[in-house]
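Visitor: Dropping the structure in here first, questions after.
Derivation of every value follows stated rules applied to the coordinates shown; laboratory data play no part. The structure presented is a predicted model; accordingly, all values stated were derived computationally and were not measured. Backbone-built Cβ (ideal geometry, glycine too); neighbour counts: all protein chains shown.
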Amino acid sequence: MRPRPFLACLAAIVCLVVSLAAPFARAQSGPAAAPVPEARILILGDSLTAGYGLPDPATQAYPALLQQKIDVLPARPGAPRWRVVNAGVSGDTTSGGLRRIDWVSRQPIAVLVLALGSNDGLRGLSPDLVVKNLAATADRVLAKNPSARVLLVGQRMPTSMGDYAARFDAAFPALATARGWPFVPFLLEGVGGVPELNQADAIHPNEAGHQRMADTVWAGLAPLLANP
């Protein structure tokens, strides 16, 4: 059955209008927005970074609090979307961090935060070994990510450990100076030895302690994110 001439004519007109309007609609919508690139901040640490003993380390440990600080920053055209990766493992030493760095840095890394060494100190391991391990860890990341920046976070031992504590404490700023790395002097600044900021074991920070630690690390990290 043939369509009536009037209906056939009307259908042709509709098709013509649609075909003419399509380019105009595409022009009005504009080009699709380019996806925002993601840049990873890898925080390599021990139980202090992992959030040992916290009710919810995924939201309360200082790396998660750093992500919260980043998420409220004003968006800047062309700036990457920063994502903090918590690579803290309870009980880890600088030797352990070196052994696992290739695995935890399989994805590209823009900033490496080295927050290891406290367990080395508590075990009385050589400060020279700590420096060697931290430098080798950074070198492995930089070999795969030549433009990555390294932020070194210092660790300190109780003065009761005598000369060893002095040598251990001095190893971190010396390494930062030798490598030209930004440096946070002490992860537990204002937290260590403060009962109300620590858990019952007097070693691991509580939620308030992690808030203070996040502020401490942020002071060194924020300038790196401002100039990606």
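Visitor: Which condition breaks for F172 when tested against (1) under 24 Å from G209 (Cα atoms); (2) in contact (Cβ under 8 Å) with a residue 40 or more places away in the chain; (3) surrounded by fewer than 17 Cβ atoms within 10 Å (Cβ to Cβ)?
Guide: Answer for F172: the failing condition is (3).
Visitor: Test each condition in (1) touching an Asp or Glu at 6+ places or on another chain (Cβ under 8 Å); (2) within 20 Å of R83 (Cα to Cα) for S105 and report the one that comes out false.
Guide: (1)
Visitor: Out of the residues in segment 33-76 that are outside any loop (DSSP other than H, G, I, E, B) and of a type in the set (V, I, T), which is farthest from V184 (Cα to Cα)?
Guide: Residues of segment 33-76 outside any loop (DSSP other than H, G, I, E, B): 38-45, 47-50, 57-60, 62-71.
Going one step further and asking which of them are of a type in the set (V, I, T), we end up with 41, 43, 49, 59, 70.
Details: I41: 16, I43: 13, T49: 15, T59: 23, I70: 18 Å.
For segment 33-76, the residue satisfying everything is T59.
Visitor: Which residue out of G220, G190 is under 24 Å from Q68 (Cβ atoms), out of contact with any strand residue (DSSP E or B) (no Cβ under 6 Å at 6 or more places or on another chain) and among the small types (G, A, S)?
Guide: The match here is G190.
Visitor: I would also like to ask the following. Would you pick out the residues in segment 175-228 that are surrounded by 15 or more Cβ atoms within 10 Å (Cβ to Cβ), acidic (D, E) and part of a loop (DSSP other than H, G, I, E, B)?
Guide: Hit for segment 175-228 is E189, nothing else.
Visitor: Hey, another quick one. Restricting to segment 82-103, give me the number of residues that are surrounded by fewer than 13 Cβ atoms within 10 Å (Cβ to Cβ) and in contact (Cβ under 8 Å) with a residue 40 or more places away in the chain.
Guide: 1
Visitor: Additional query: Which of the residues belonging to segment 48-74 are among the small types (G, A, S) and buried (at least 20 other Cβ atoms within 10 Å of the Cβ)?
Guide: Listed by number, the residues that qualify are A50, G51, A61.
Visitor: Also, I was wondering about something else. Just name the residue that is nearest to the chain's Cα centre (by Cα) out of those in segment 115-166 that are small (G, A, S) and assigned to a loop (DSSP other than H, G, I, E, B).
Guide: A148
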